[in-house]
Amino acid sequence: MKKKFIALILSTSMVLPFCGCGTEASKVSYNLSQQADNFNDVRQVTVINCLQGDVLFQMTGKMSITADSADNQLEIVVEDENGQYKKHFIGLSDNVTYVVEDITAGAASRYRYALNFNPKMWIPAEIGDID
């Protein structure tokens, strides 16, 4: 019984240093996604016909992208230069794929966060960026 307990303690102590691997990367990845989905970064979407290798569609701008697997399409909400939003749909198929590039990757940190509110839902207020 004592040997099993010691073996358990040793195996646990060997595994513990490896717990949490990748947590910093996952936090940074999450923050980059949030920053881009909140229209703070410029992305470029390229839709490609895999059979011919042709570019079917390309869009660049501040956008939030959702892959809707139920409808087999991309749903893209774009913010234009006037601060207005437009929604686009791109149908996907077995021979059509897409690539999303983050053109202006922001300074994401595992410690930084931001609260984003829909300004149309609030009484006019001053909004600032805190670093």
Next item on the list: Between beta-carbons, use under 9 Å as the cut-off and find the net charge around residue 89, counting Lys and Arg +1, Asp and Glu -1.
Entry: -2
Next item on the list: Starting from the Cα gyration tensor of region 53-92, take the square roots of the eigenvalues, sort them a ≥ b ≥ c, and report rounded, prolate or oblate (rounded when a/c is under 1.5, otherwise prolate if a/b is larger than b/c, else oblate).
Entry: oblate
Margin query: Starting from 0.36 nm per residue, how many nanometres of slack lie between residue 80 and residue 49 once their C-alpha separation is accounted for?
Written below: 8.5 nm
Next item on the list: Give me the net charge of residue 64's neighbourhood, meaning all other residues with Cβ under 14 Å from the Cβ of residue 64; Lys, Arg count +1, Asp, Glu -1.
Entry: -3
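None of the figures in this text is laboratory data; all of them are computed from the coordinates on show. All values reported here derive from a predicted model rather than from experimental measurement. No Cβ is skipped: glycine too gets one built from the backbone with ideal geometry, and neighbour counts run over all protein chains shown.
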